[in-house]
Amino acid sequence: MTSAHTLQDWLAHCERLHPRTVERPLDAVRALLQRLDIHFDVPVITVAGTNGKGSTCAMLESIALQAGYRVGLYTKPHLVHFEERCRVNGVPIDAAELLPHFEAVEAARVEQGSPPISWFAFTTLVILRALSQQALDVVILEVGLGGRLDPVNLIDPDCSVITSIDLDHMELLGPDREAIGWEKAHVMRAGRPAVVSDPVPPRSVIEFGEALGADLWLVGRDFNHAGDRQQWGWSGRGRRYNALAYPALRGANQLVNASGVLAAFESLRSRLPITAQAVRTGLALVELPGRFQIVPGQPTLVLDVAHNAQSVATLAVNLDHMGFHPRTHAVMGAMRDKDIPAILARMNPLVDAWHFCGLDTARAATPQELLAAWQALPQAAQRAAAPGVPPPEAHGHDTPSAALEAALAQADPADRIVVFGSFHTVGLVLKAGLPRRAAPHLADPG
């Protein structure tokens, strides 16, 4: 047995157990789940997909809380503190409350003679056990990488939601959307609702659900949404919501996520009835740091965890919809296994000054690698400076905080700074504490 006594001790112990981040296969984890007798007697909603999972989980949680339900949520990754991954009634669980569950999982692993399991699998069991012992009315579980071989998928959901699917983690999930969709489709269960909120899902998702006998909820067939600049509406199989205010989460894609959320609640209404007022208030009050989060002040600061081509394309659209800013400064750190040229090509037309940064993980691209990728962009992706405007520029920095400080020193009050590229990039900025923004023109002349 380990001598761990604190949350950080346990996390370090889990890190030492096994170098792999993905558990393949899940036999050892399944056996531990059974040995620990982890189960839920309340409705469980699992959420899988490439992009939009965090927003979907946050809206599910917010609406359920406004309806008066006791809600447990498992989401990932965290931005600053591990405890963010486990929320009970909207509040992150205390680190001390997790310690007995780390001890129980480790004891079961040793007694069972289980081979070492990954950090992610171990911590998933810890949080599932913690939630299973809470007095809850509904449990929301975000699926991590893929779906078929994700430890969360060992829990049978009463409703599954599959958000937008795009190219990411292709070395593990497959070379195209069809292969990736097939992996994620395994969160469905026969005879149970499976909400697909992707407006144009891979055919593999639909075919898998039909062959399995899942109760498929598809956009345009079973539910839909429409809106104008002021409000939006939703219609499903048996219910309609009119004149809804837009979700508090910013971004052009949030109506797609919200539409899937309402379909999930509609599919469970016999067990989990939701009032229209809970929907309105829940969407109005939902919060999720790092998803097109605009921090008030000068210059404008935007935090977004966009880290693949699809989510960065959405970020670019959202930036286009903002008010006018003379110059845009980008702070970017990213993982080496992402499609960095595609990400840079999509953002480059919007960015006047790049500040590439390193991250605290071996997977991350170095500032020098990011700078070289930017310099190698094809002519079509290069940005030509307007007359009288300085040409685009790029710099490298060791950390996101250093990159942000450099961007702040360079920015005028009317400019904007965008921090994006990875959960690590945004998380490290938040962990260091947002700097007091005083652009050069706002400095005290005395």
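If we count other beta carbons within 10 Å of each Cβ, what is the order of Met335, Met188, fewest first?
The fewest-first ordering by Cβ neighbours comes to Met335, Met188.
Mind giving me the FRET efficiency for Glu111 and Asp41? R0 is 30 Å, r the Cβ-Cβ distance, nearest 0.05 is fine.
Step by step, r from the Cβ atoms, then E = 0.75.
Can you sort Arg346, Arg30 by how many other beta carbons sit within 10 Å, fewest first?
Arg30, Arg346
Name all residues of the range 299-319 having a backbone nitrogen under 17 Å from the label point set 7 Å from the Cα of Ala432 along its Cα→Cβ direction, giving them as ranges.
Within reach of a label on Ala432, which here means backbone N under 17 Å from a point 7 Å along Cα→Cβ, the range 299-319 contributes 299, 301-305.
Can you report the principal axis dimensions of the range 207-326 using only the alpha carbons, biggest first, rounded to whole angstrom?
On the principal axes, the range 207-326 reaches 52, 34, 24 Å in Cα extent.
Taking just the C-alpha trace of the chain, give me its Rg and Dmax in Å.
22.3, 73
Using a cut-off of 13 Å between alpha-carbon atoms, which aspartates and glutamates can reach Lys53, once sequence neighbours fewer than 8 places away in the same chain are excluded?
Hits, sequence-local ones excluded: Glu61, Glu142, Asp166, Asp198.
If I build a Gaussian network model for the chain, linking alpha-carbon pairs within less than 10 angstrom, which residue out of Ser118, Ser235, Ser270 has the largest mean-square fluctuation?
Fluctuation is largest for Ser270.
Mind checking the dipole of the chain: about its Cα centre, +1 per Lys or Arg Cβ, -1 per Asp or Glu Cβ, Debye to the nearest 20?
Using Cβ point charges on Lys, Arg, Asp and Glu, the chain gives about 820 debye.
Taking amide H atoms as placed 1.01 Å from N in the peptide plane, list the residues 5 or more away in sequence, or in a different chain, whose amide H sits under 5 Å from that of Val286.
Residues meeting the criterion, in which the H sits 1.01 Å from N, are Ala248.
Under a GNM of the chain (C-alpha, springs under 10 Å), which listed residue has the highest mean-square fluctuation: Arg35, Arg416, Arg148?
Per the Cα network of the chain with a 10 Å cutoff, Arg35 tops the list.
Please arrange His424, His355, His13, His397 by how many other C-beta atoms lie within 10 Å of their C-beta, fewest to most.
Listed from fewest to most nearby Cβ atoms, that is His13, His397, His424, His355.
To the nearest Å, what is the center-to-center distance of the range 139-188 and the range 69-97, using C-alpha atoms only?
Between the Cα centre of the range 139-188 and that of the range 69-97, the gap is 21 Å.
Taking only Cα atoms and a 10 Å spring cutoff, compute GNM fluctuations for the chain and point out the largest among Arg327, Arg240, Arg221.
Answer for the Gaussian network model of the chain: Arg221.
Which one of Leu98, Ala64, Leu26 has its Cα pushed farthest toward the positive end of the charge dipole of the range 1-152, where Lys and Arg give +1 and Asp and Glu give -1 at the Cβ?
Leu26
Under the classification rounded if a/c is under 1.5, otherwise prolate if a/b is larger than b/c and oblate if not, where does the range 293-440 fall, given a ≥ b ≥ c as square roots of the Cα gyration tensor eigenvalues? Walk me through the numbers before you get to the answer.
Values: a/c = 1.40, a/b = 1.05, b/c = 1.33.
The shape class here is rounded.
Checking understanding here: applying a Kyte-Doolittle mean of at least 1.6 and a length along the axis of at least 24 Å (C-alpha), which whole DSSP H helices in the chain pass?
Passing helices, by number: none.
Indicate the gyration tensor shape class of the range 192-247 (rounded, prolate or oblate), computed on the Cα atoms with a ≥ b ≥ c the square roots of the eigenvalues: a/c under 1.5 is rounded; otherwise a/b larger than b/c is prolate and the rest oblate. All intermediate terms of the calculation are to be shown ahead of the outcome.
Numbers: a/c = 3.68, a/b = 2.15, b/c = 1.71.
Judged from the Cα gyration tensor, the range 192-247 comes out prolate (a/c at least 1.5, a/b above b/c).
Only the coordinates and a few stated rules stand behind these numbers; no lab work does. Since we're looking at a predicted model, the values are computed, not measured. All Cβ positions, glycine included, derive from the backbone under ideal geometry; neighbour counts span all protein chains shown.
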